[in-house]
1. Name the single residue that is modelled with the highest pLDDT among those in region 37-59 being out of contact with any strand residue (DSSP E or B) (no Cβ under 9 Å at 6 or more places or on another chain) and closer than 19 Å to residue 208 by Cβ.
2. Within region 120-141, count every residue that is under 29 Å from residue 215 (Cα atoms) and touching a residue at least 40 places away in the same chain (Cβ under 8 Å).
3. Could you grab me the full set of residues in region 219-236 that are touching a residue at least 60 places away in the same chain (Cβ under 8 Å) and either out of contact with any helix residue (DSSP H, G or I) (no Cβ under 9 Å at 6 or more places or on another chain) or not in a loop (DSSP other than H, G, I, E, B) (or both)?
4. Kindly list the number of the only condition in (1) under 30 Å from residue 81 (Cα atoms); (2) without any contact (Cβ under 8 Å) to a residue 40 or more places away in the chain; (3) crowded, with 16+ Cβ neighbours inside 10 Å; (4) within 16 Å of the chain's Cα centre (by Cα) that fails for residue 144.
5. Looking at (1) free of Cβ contacts under 8 Å to residues at least 60 places away in the same chain; (2) farther than 24 Å from residue 138 by Cβ; (3) touching a helix residue (DSSP H, G or I) at 6+ places or on another chain (Cβ under 9 Å), find the lone condition where residue 30 falls short.
6. State whether one or more residues within region 93-114 are more than 16 Å from residue 41 (Cβ to Cβ), in a helix (DSSP H, G or I), more than 13 Å from the chain's Cα centre (by Cα) and in contact (Cβ under 8 Å) with a residue 24 or more places away in the chain.
7. Within region 16-36, count every residue that is surrounded by 20 or more Cβ atoms within 10 Å (Cβ to Cβ) and either touching a strand residue (DSSP E or B) at 6+ places or on another chain (Cβ under 6 Å) or in a loop (DSSP other than H, G, I, E, B) (or both).
8. Could you check, for region 196-205, whether at least one of its residues is outside any strand (DSSP E or B), under 16 Å from the mean Cα position of the chain (by Cα) and buried (at least 16 other Cβ atoms within 10 Å of the Cβ)?
């Protein structure tokens, strides 16, 4: 069975209201092939909305939670309209008295499942985010999938748990602030693909939005194990570094077994 995947490498910009953010998303997704089985956006996709609250420090990023309902409504509508599974990056959301960095997966009927990031990168401590506890495999779309959010790709046990529990594709929305951070996640992502004989989709946030928001550095990729069934370098598709763009690649699930 062949699966088509599109990764949307999103260039974050400061926006003054949700309508501006929605226009960015809708413009980028129009370039996605209609027959892609999965679409992924990057980590902290909504962070540009923090500019709507005026000049504030990094800790105020959590205020983007105020856009949670609009964010979910947007991607619920897009998944239904396009009849595609959308991993809508991640978003900071308040649950009771805690904030979590949550990846949302919208099915073709608009239903949603979620993954709370389990290992917080030290820089995220400034945003007062808490860590999730669960690692689940999701039967959404034609195959079983797992999610690792950025830093989670650097922890081998996480991808191992997902693959042992049946995930054939692991999606990784990320937001790395430097070239060093990007390559750290990218190298680990490819190692996870090779170790577990799975496909790994790395989708970073890019751009230079200006303080207090961090810069994003990255290059989206669809990665395979390195063996005779795939390209020698294990790269199925790869974006131009730091561009606002998409990549699409097709992976053959039968080659994993």
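The values are calculated or read from the model by the stated rules, or taken from the named source; none is laboratory data. Bear in mind the structure is a predicted one, so any value in this text is a computation, not a measurement. Positions of Cβ are backbone-derived with ideal geometry, glycine not excepted, and every protein chain shown enters the neighbour counts.
1. Initial filter on region 37-59 (out of contact with any strand residue (DSSP E or B) (no Cβ under 9 Å at 6 or more places or on another chain)): 49-59.
When the remaining residues are screened for being closer than 19 Å to residue 208 by Cβ, the result is 49-52, 55-58.
Details: 49: 90, 50: 83, 51: 78, 52: 74, 55: 61, 56: 66, 57: 65, 58: 62.
Applying the filter and picking the extreme gives 49.
2. The total comes to 5.
3. Initial filter on region 219-236 (touching a residue at least 60 places away in the same chain (Cβ under 8 Å)): 219-222.
220, 221, 222 - these are the residues of region 219-236 that are touching a residue at least 60 places away in the same chain (Cβ under 8 Å) and either out of contact with any helix residue (DSSP H, G or I) (no Cβ under 9 Å at 6 or more places or on another chain) or not in a loop (DSSP other than H, G, I, E, B) (or both).
4. (4)
5. (3)
6. As a first pass, look at region 93-114 and keep what is more than 16 Å from residue 41 (Cβ to Cβ): 94-100, 108-111.
Right, trim to in a helix (DSSP H, G or I) and you get none.
Scanning region 93-114 turns up no residue that is more than 16 Å from residue 41 (Cβ to Cβ), in a helix (DSSP H, G or I), more than 13 Å from the chain's Cα centre (by Cα) and in contact (Cβ under 8 Å) with a residue 24 or more places away in the chain.
7. Selection size over region 16-36: 1.
8. Filtering region 196-205 down to residues outside any strand (DSSP E or B) leaves 196-198, 205.
Checking which are under 16 Å from the mean Cα position of the chain (by Cα) leaves us with 205.
Filter once more, so that each one left must be buried (at least 16 other Cβ atoms within 10 Å of the Cβ): 205.
Checked against the condition, which is being outside any strand (DSSP E or B), under 16 Å from the mean Cα position of the chain (by Cα) and buried (at least 16 other Cβ atoms within 10 Å of the Cβ), region 196-205 yields at least one hit.
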